[in-house]
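Worksheet: the structure to be examined is printed underneath.
The values are calculated or read from the model by the stated rules, or taken from the named source; none is laboratory data. For clarity, every value in this text was computed on a predicted model and none was experimentally measured. Heads up, the Cβs are rebuilt from the backbone with ideal geometry, glycines too, and the neighbour counts pull from every protein chain shown.
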Amino acid sequence: MTILQVKGVTKRFGNFKALSGVDFNINKGEVFGFIGPNGAGKSTTIKILLGILKPTSGSATIFGLDAWKNSVEIHKKIAYVPGDANLWPNLTGGEVIDLFLKLRGSFDPVKRDQLIKRFQLDPTKKCRTYSKGNRQKVALVSAFASDAELFILDEPTSGLDPLMEKVFQDCVAEAKQEGKSVLLSSHILSEVERLCDRVGIIRQGTIIETGSLTELRHLTRTNLIAETKKPMPALANMPGVHNLQSVDNGVSFQVDTETMDAVMKLISSAGVIRLESTPPTLEDLFMRHYETKGSDAV
Amino acid sequence: MNKQSFSGTGQLIRFYLKADRIRITAWILSLMALTSVTAWSLDGLYSSDAERQAMATTMENPAMTAMVGPAYGIENYHTGAMTAHQMLLFTAILVAVMAILHVSRHTRGDEEDGKMEMLGALPVGRLASLTASMSVMVMSQVILALGIAVSLAVLSIPSLPVSSSILYGAALGATGIFFGTLTAVFAQLADSARGTTGLSFLVLGAAYMIRAAGDVNNDTLSWFSPLGWPLKTQVFVDDKWMPLIPLLAGAVVLTLVAFSVMASRDIGTGLIPSRPGRNHARKSLLSPFGLTMHLQKTSIITWGVALLAIGLSYGSVIGDLETFFSSSELLSGAVDQSSGFSLTEQFISMLMSIMSMIAAVPALLFLFKLKGEEKKGRTETVYARAVSRYTLFGSYFLVALIFGTVMMLLAIFGLWSAAAATMEDPISFGSLAKAGLVYVPAIWVMIGFGALLYGFKPGLTGLAWVYLGYAFFAVYLGGLLQFPEWVNRLSPFGFIPEVPMEEINVLTLVLLVLTAGLLAALGFTTYRNRDLAG
Ligand SMILES: Nc1ncnc2c1ncn2[C@@H]1O[C@H](COP(=O)(O)OP(=O)(O)O)[C@@H](O)[C@H]1O
Ligand SMILES: [Mg+2]
């Protein structure tokens, strides 16, 4: 069942076109990753979904209701975490959490306190004294302590340390288990990869790919650096191996996911001294996207 | 404080000058125009000695002394004496406001926006931005002083000689520099731009009050007010430069204080440390209206005290006024006996109109607080919950309506209590309240206009201040310069009946309230239908 639908949404700021014809939808119980580089239009899309910005054309609906016209009705069932939580310097974190939870609707006070502990937040401090990460925690606690059905998270982990990022990922996983839906935006591919069922990739205001990660496998190549006892001349002729280069004592190349197994066998038969792999970055993915586009056109 | 702390100052000065060139130029040119036009019109309006002496007699009373400062050179009330008497104090206040806003924006304001953090990461010293903003402030005040001097000297009116015109300009510039440096100190103590501006305005208001009390009683108290000093120059009559020394010496001391605090504190903090607060919010906070009230309560209380004080100080003058009128044969003759209203009563309506315009200031500030919230990206987080645009905007609008009215009531109450204490035959609270509360619909029209401007586009809210300023000058200068009636009728305050001299016209008041409602309704609709900045 589709609970969120964005159809042909265009947004102009004066002459500048921030979004042009954005389309995607999220099904119930799904974690949807919304990825794109800075300035791609993620926050603009999310603000349209929240009824803070009015789309120039196209429609955005949540729970079947229009995001602009019925925003109050919709917001009773959603929780939002902005990328940069702006809080009132004179209120404490605890007060802001209570306020946010109350303004949305019902919440679980026990869960609130548990989450404060898990995120290691001191709720008695005034917001003015909080670091960016701590402000982010306030927003996260008030989102996850709510009984919302849809979580809209706009680069929610900026400023969190790795330990807290883990807590955040657990929270998303728990929400998913409870059958809730999540829209998670990020500019880091590996972050959404772990959590998301499906992703949409946005660039310069246009969605360029949507699908499950397995569907997008054709776009993800892993970067490998291998140093082996024996040289591996076979590598050069293997399909699915790209950009082969020799670096100090070894080779560096990219592998299509489908070819990974064969490549690993070849490397291990050559006797591994050193093997490094880095996940594909968003830039790799874009490059690959335009390569495929190019070959399709031919 | 080593030399490194100041590196990059030159670059920043150029940056600030560039960013503020229009703002500074606009301020200076308007103040020059105001000064020049007023002096020129006074010279034209009161052209014979007899007319000027008659004017001197009406000006020489405690109410005027409290409002504009002591009259001097009364024996020969020439255009110079008249200009200084009517305009110096008010222009000095405007200059102080200009300096306060400037320094607050470039110290605490930048720090709040996080600009300072970015500057701090660049190769600029930690004192560079304070040095730069102070330098720009002093530069603009010096230019202002020269500009004002020129704007008077070019009129070549015999009683406005060049040397005195320079002193007139210098008195204004020195006042501006004093309040600019004062703001720099408050920028170190407070931890927000609002707090900085608020504290500075509070001291400005207190300085005005202390001076008023001192001038009326003709004692040394005025020497304790920085606004008393420029008046002590007796410019155009005695031309004393000495009183500017305490202003500039004070500015030097304040500058040193600001720098030593700035050198030792952390960026982003104030001197006042924060204590641990509550884990859970009180129930009263947990609604849009509750939040609005919570965010504004300090400012509501501060303004309430200020309006009460203004009422009290005007009220104490009324008592003096009565004694003065009874002792002055000329003036008791001037009272229109047939109307049956005393001059005191006639003064009351004018005081009420001025107090209502002062009350409109906090009313608009309470409404425009929402603009600050939007700019800081805090309305977005509220609207992401189940809160409608009407509810939040309505909360701010309601706070403005209610507390705008309360401010007026407090001023009336202050006026009444002081008057009752000093008058032999006190005016009843009822009749004072009637004379004052008729102005409430005009305050509401200002709020409605503010709501329309902000609802339509946050960048337009400045127009509300321009309009209020216009209304003020239409009343203040209108009587003096004998403007035609329609000038006053362009502001809502011009429609208010002067109770008790005039009958209360219910229809006019109802129409004003309806206008306020209509403007607000338009504001609400446009606000509902526009994009929010954050
Ligand atoms: N209010 C606005 N006015 C003008 N341009 C804007 C506004 N908000 C965003 N933009 C522009 O729209 C583009 C998309 O921004 P945004 O949605 O914030 O990107 P992202 O969240 O993906 O980093 C950017 O180029 C940004 O500068
Ligand atoms: Mg963003």
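Are any of the residues in region B:86-95 in a helix (DSSP H, G or I), at pLDDT below 90, surrounded by fewer than 20 Cβ atoms within 10 Å (Cβ to Cβ) and not small (Gly, Ala, Ser)?
Looking through region B:86-95, none of the residues is in a helix (DSSP H, G or I), at pLDDT below 90, surrounded by fewer than 20 Cβ atoms within 10 Å (Cβ to Cβ) and not small (Gly, Ala, Ser).
Within the group A:Gly83, A:Gly33, which residue is buried (at least 18 other Cβ atoms within 10 Å of the Cβ), within 16 Å of ligand 2 (Cβ to nearest atom) and part of a strand (DSSP E or B)?
A:Gly33
Restricting the search to region A:36-80, which residues are within 16 Å of ligand 2 (Cβ to nearest atom) and part of a strand (DSSP E or B)?
The one that is within 16 Å of ligand 2 (Cβ to nearest atom) and part of a strand (DSSP E or B): A:Tyr80.
Only one residue in A:Ile116, A:Ile152 is within 11 Å of chain B (Cβ to nearest Cβ) and within 26 Å of A:Phe34 (Cβ to Cβ). Which one?
Of A:Ile116, A:Ile152, the one residue that is within 11 Å of chain B (Cβ to nearest Cβ) and within 26 Å of A:Phe34 (Cβ to Cβ) is A:Ile152.
Read through the list (1) within 20 Å of B:Leu401 (Cα to Cα); (2) crowded, with 17+ Cβ neighbours inside 10 Å, then give the number of the only condition that B:Val499 fails.
Of the numbered conditions (1) within 20 Å of B:Leu401 (Cα to Cα); (2) crowded, with 17+ Cβ neighbours inside 10 Å, the odd one out for B:Val499 is (1).
Examine region A:102-109 for a residue that is within 21 Å of B:Arg528 (Cα to Cα), more than 21 Å from the chain's Cα centre (by Cα), in a helix (DSSP H, G or I) and away from ligand 1 (no atom under 16 Å from the Cβ), and state whether such a residue exists.
Taking every residue of region A:102-109 in turn, at least one turns out to be within 21 Å of B:Arg528 (Cα to Cα), more than 21 Å from the chain's Cα centre (by Cα), in a helix (DSSP H, G or I) and away from ligand 1 (no atom under 16 Å from the Cβ).
Of the residues A:Lys180, A:Lys126, which is in contact with a strand residue (DSSP E or B) (Cβ under 7 Å, 6 or more places away or on another chain) and at pLDDT 95 or above?
That would be A:Lys180, the only listed residue that is in contact with a strand residue (DSSP E or B) (Cβ under 7 Å, 6 or more places away or on another chain) and at pLDDT 95 or above.
Report yes if some residue within region B:475-488 is assigned to a helix (DSSP H, G or I) and closer than 22 Å to B:Met407 by Cβ; otherwise report no.
Checked region B:475-488: at least one residue is assigned to a helix (DSSP H, G or I) and closer than 22 Å to B:Met407 by Cβ.
For (1) surrounded by 22 or more Cβ atoms within 10 Å (Cβ to Cβ); (2) within 14 Å of ligand 1 (Cβ to nearest atom), each residue gets a yes or a no:
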site	(1), (2)
A:Ala139	yes, no
A:Ser146	yes, no
A:Asp197	no, no
A:Ile201	yes, yes
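So which residues in region B:11-66 are more than 28 Å from the chain's Cα centre (by Cα) and charged (D, E, K, R)?
Hits for region B:11-66 are B:Arg14, B:Asp49, B:Glu51, B:Arg52.
Go over the candidates A:Glu178, A:Glu193 one by one and state the one that is free of Cβ contacts under 8 Å to residues at least 24 places away in the same chain and more than 16 Å from ligand 2 (Cβ to nearest atom).
The match here is A:Glu178.
With the requirement that a residue be in a helix (DSSP H, G or I) and touching a residue at least 12 places away in the same chain (Cβ under 8 Å), what does region A:240-269 give you?
A:Thr257, A:Glu258, A:Thr259, A:Met260, A:Ala262, A:Val263, A:Leu266, A:Ile267, listed by residue number.
So, in region A:125-137, of the ones that are outside any helix (DSSP H, G or I) and within 10 Å of another protein chain (Cβ to nearest Cβ), which residue ends up surrounded by the most Cβ atoms within 10 Å (Cβ to Cβ)?
The residue in question is A:Lys126.
Kindly provide the set of residues from region A:1-21 that are under 18 Å from A:Leu65 (Cα atoms) and either in a helix (DSSP H, G or I) or not small (Gly, Ala, Ser) (or both), ordered by number.
The answer is A:Met1, A:Thr2, A:Ile3, A:Leu4, A:Gln5, A:Val6, A:Lys7, A:Val9.
Residues of region A:25-57 being in contact (Cβ under 8 Å) with a residue 24 or more places away in the chain, of a type in the set (Val, Ile, Thr) and within 15 Å of ligand 1 (Cβ to nearest atom), which ones?
If the condition is that a residue be in contact (Cβ under 8 Å) with a residue 24 or more places away in the chain, of a type in the set (Val, Ile, Thr) and within 15 Å of ligand 1 (Cβ to nearest atom), then A:Ile35, A:Thr44, A:Thr45, A:Ile46, A:Ile48, A:Thr56 are the ones that fit.
Against the condition surrounded by 24 or more Cβ atoms within 10 Å (Cβ to Cβ) and among the β-branched types (Val, Ile, Thr), how does A:Val167 come out, does it pass?
For A:Val167, the condition - surrounded by 24 or more Cβ atoms within 10 Å (Cβ to Cβ) and among the β-branched types (Val, Ile, Thr) - is not met.
Given the criteria of a type outside the set (Val, Ile, Thr), within 14 Å of chain A (Cβ to nearest Cβ) and within 22 Å of B:Leu295 (Cα to Cα), does B:Phe397 qualify?
So B:Phe397 does not fit the description; no.
Select from region A:45-73 the residues that are among the hydroxyl-bearing types (Ser, Thr, Tyr) and surrounded by fewer than 17 Cβ atoms within 10 Å (Cβ to Cβ) and list them in ascending order.
Matches in region A:45-73: A:Thr56, A:Ser57, A:Ser59.
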